[in-house]
Structure formats: C-alpha cells, structure tokens
Amino acid sequence: MYSVDQPLLTVDRRGLDVAEAVAFYERVYASDDIHIGEPVADGFTWRYRAVGDDDVTIGTSAVAARRWGTINPRRDYVLAWASAPGITLDTGSDDPIPMLPGVPVMYPAGRAFTFDAQPTSQQVVRFSGEFLESVAAARLGDLPAPLRFSRDVAPDAMQALRTVVNASARELLDPATDRARRTALNLRIAEVVVMAFDARPAPPDFLDREGPATMRLAQEWMVANARRPITITDVSVASGVAVRSLQASFQRHTDMSPMQFLRRVRLHRIRAELVAADPDTTTVAQVALAWGIGHLGRFSGSYAEAFGESPSTTLRRSASR
C-alpha cells in the first residue's frame, strides 16, 4: 500500500514523432520490441495519460497507427478495454485474446506475450501485484500469491465490473481526489476484478505439467497441504503410488526428490507471507515454523539462494509498503 506522503503518479505525454512514441512505450511495457507502422490518413499522433498511486493507476493510451510487438512480464496486473475493434493480445499463442470494444480483459500475467493493434485507443487500469494479490487472498482466505484469471466472465459479473469502473474512473483520473477516497475506490475496483475474473493463485512455475498424472497429483497434493507436517509416506498414500516408484518418478522428471519439491513449495509460500506481513508484529521465525521449517539456519541459506536476499530483508521491505 502507498504512503499518504508519497506523491501521485501523473503522466500526460503526447507527440507527433514515431521514434519518441516507440521509446516511451518500450519503457511502459519493459520491452525492446515495440513497432509502429504507417499512420492514419490524418497523420501520426500519440498520447498516454495516467493518474494513480502505488496500488492502482488508471489511464488511456491512443496511437494513430498500427503497432505490434512484445510486452514483457512485470509485477503488476493490467485490466484494459478498447474503444474500437482491432487490438489482439497474445497473438503468438494458440488462443489469442481479441479486445472487443468496451469489453474489459486481463492482460496475460506472469509471462511475455505479443500483441497487434490497429489505430485505436484503450483504457487501462494497472494494479500493483502485491495489492491485487492481497485482495484476492482476502477473498479466498489464503496467502497472497501470483494470480491467474478466468477468460470466461459471466454477463452479470461483466456488467458489475463495467458499472464499478465507469462510476470510479472520473474520480481516479482526478489528481485532486482525496487520498482516503482514492483508497476506497482502488479497493472497490480490485474486488470486482477479482470476483469477475475469478482470480486465484497460479500453480507454482516449477509444477511439472508434462510428467505422469500420478506425479502431478502428488505435487498438487503437496502444494495444497504444504503447511501440514508431511512425510514421504503421506505423499505416497495421497497419490496412490509406492514410495520407491514416487521417488524414482520425481527424480526422473524433476531432478529432485518429493521432499525437496515440498521444501521448494514452502520457500515460495513463506516468501509470499513475508511480503504481506507486518514486520512490527511478525518475525521470520514465526512464519518459517508455521510452514514446518525445523532448522532456521539452513532455511535462511536456502531462502537466500532461491531469492537473492535473506528472509529478514524481505520482511523489512514490507514495512515500506
């Protein structure tokens, strides 16, 4: 969450130069692969306007030319809708996302994706990853974690989303809006996005989706039960596979044992909890012990090796948020 002492982000950039537009949008999308083609008959123009805080930024983007390229993953989530047909997201996948006029969609999250856009404008609501993940966690009664979103949104949920966004946009775009009011609007939009797109924690990146079904079942069971005390026998019973066969399958397909996989899951869940924790009331030891970590010294070394910082550093950084 942002501090009331921090200034709002306010951006209003426009121009007539293609190279300037490319450089600007490559910064916005953390990309080095943005291209702009021939302009419309009236000539080339572009404009990008955004207002927001550390949690939510709302804005508009208009480019009077076809553009295409790659948007790289960042620690945020983007809701967007187009003013006219002609924008397609994830063009390099087997299931591209057409942006229909006035119909909000979520940008693909957690990975790079390609896009192709005809001359048109789009409205964008950008959520910080930590903020939207905390809202989703509160809804699910779980810990904050990277999210995935449903592509199939029920008509009534879509209507509720449009209503909330339309009712909130003018105030959020106004830099003079009171901070308390802005915070309430941020939360209102985040909650309706989480509900409409059924935002849920994504499976860990290291979950093996290509291995045998029994091994995937064992992995999913360990992810769901990682807070409990678990032995290799427990995993064997839950997956219906003999211990020796389970160990051989994990070693062959993941190059780790089942219990090494479990420790990796716990490291990621501990990190998610430390990121969201209040350092005034939480200690690293409390969180680690709650996830079944018995040796704090070895844990700290494994954590630093996995994430490039100590667990106490992660917890201290949460204070600034």
- request: Could you list, in sequence order, all residues of the range 122-137 that are open to solvent by 10 Å² or more (accessible area, probe 1.4 Å) and modelled with pLDDT of 95 or more?
  value: 122, 123, 124, 126
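Table: residues versus (1) surrounded by fewer than 16 Cβ atoms within 10 Å (Cβ to Cβ); (2) in a helix (DSSP H, G or I).
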site	(1), (2)
176	yes, no
188	yes, yes
215	no, yes
219	no, yes
228	yes, no
244	yes, yes
247	no, yes
251	yes, yes
- prompt: When you go through 150, 128 one by one, which is the residue that is touching a residue at least 24 places away in the same chain (Cβ under 8 Å) and touching a helix residue (DSSP H, G or I) at 6+ places or on another chain (Cβ under 9 Å)?
  reply: 150
- prompt: (1) open to solvent by 40 Å² or more (accessible area, probe 1.4 Å); (2) touching a helix residue (DSSP H, G or I) at 6+ places or on another chain (Cβ under 7 Å); (3) within 20 Å of residue 30 (Cα to Cα): which one isn't true of residue 171, the others all being true?
  reply: (3)
field: Which listed residue is in contact with a Lys or Arg (Cβ under 9 Å, 6 or more places away or on another chain), of a type in the set (S, T, N, Q) and not in a helix (DSSP H, G or I), from 168, 150
entry: 150
- prompt: Is one or more of the residues making up the range 83-90 closer than 28 Å to residue 194 by Cβ, among the charged types (D, E, K, R), modelled with pLDDT of 95 or more and open to solvent by less than 20 Å² (accessible area, probe 1.4 Å)?
  reply: yes
statement: If you go through 275, 241, 235, 284, the only one that is in contact (Cβ under 8 Å) with a residue 40 or more places away in the chain and β-branched (Val, Ile, Thr) is 275
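For (1) under 18 Å from residue 118 (Cα atoms); (2) in contact with a helix residue (DSSP H, G or I) (Cβ under 8 Å, 6 or more places away or on another chain); (3) not aromatic (Phe, Trp, Tyr), each residue gets a yes or a no:
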site	(1), (2), (3)
20	no, no, yes
28	no, no, yes
41	yes, no, yes
65	yes, yes, yes
83	yes, no, yes
96	yes, no, yes
Where residue 54 falls short, out of the listed (1) open to solvent by less than 50 Å² (accessible area, probe 1.4 Å); (2) in contact with a Phe, Trp or Tyr (Cβ under 7 Å, 6 or more places away or on another chain); (3) under 20 Å from residue 173 (Cα atoms): (1)
field: Leading residue by the ranking (most open to solvent (accessible area, probe 1.4 Å)) among those in the range 138-152 that are touching a strand residue (DSSP E or B) at 6+ places or on another chain (Cβ under 9 Å) and aliphatic (A, V, I, L, M)
entry: 140
query: How many residues are under 22 Å from residue 196 (Cβ atoms), in a strand (DSSP E or B) and either touching an Asp or Glu at 6+ places or on another chain (Cβ under 8 Å) or of a type in the set (Ser, Thr, Tyr) (or both) if we restrict to the range 70-82?
result: 1
message: I'd like the residue in the range 230-242 that is part of a helix (DSSP H, G or I) and of a type in the set (A, V, I, L, M, F, W, C) and, out of all such residues, is most open to solvent (accessible area, probe 1.4 Å).
response: 237
- prompt: Mind checking which residues of the range 274-321 are in a helix (DSSP H, G or I) and among the aromatic types (Phe, Trp, Tyr)?
  reply: 299, 303, 307
task: Go through the range 95-115 and give me each residue that's surrounded by fewer than 18 Cβ atoms within 10 Å (Cβ to Cβ), assigned to a loop (DSSP other than H, G, I, E, B) and under 21 Å from the mean Cα position of the chain (by Cα).
output: 95, 96, 103, 110, 111, 112
- prompt: Across the range 9-39, what is the total count of residues that are open to solvent by 40 Å² or more (accessible area, probe 1.4 Å), touching a residue at least 40 places away in the same chain (Cβ under 8 Å) and of a type in the set (Gly, Ala, Ser)?
  reply: 1
- prompt: Within the set of pairs 6+ apart or on separate chains, which have a first residue in the range 69-92 that is free of Cβ contacts under 8 Å to residues at least 24 places away in the same chain, a second that is assigned to a strand (DSSP E or B) and of a type in the set (S, T, N, Q), and C-beta atoms under 9 Å apart?
  reply: 92/70; 92/114
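The values are calculated or read from the model by the stated rules, or taken from the named source; none is laboratory data. Owing to the predicted nature of the structure, the values given are computational and were not obtained by experimental measurement. Note that we place each Cβ from the backbone using ideal geometry, even for glycine, and neighbour counts take in every protein chain shown. Calculation scope for accessible area: heavy atoms of the full protein, side chains included, ligands and nucleic acids excluded. Shrake-Rupley method; radii C 1.70, N 1.55, O 1.52, S 1.80 Å.
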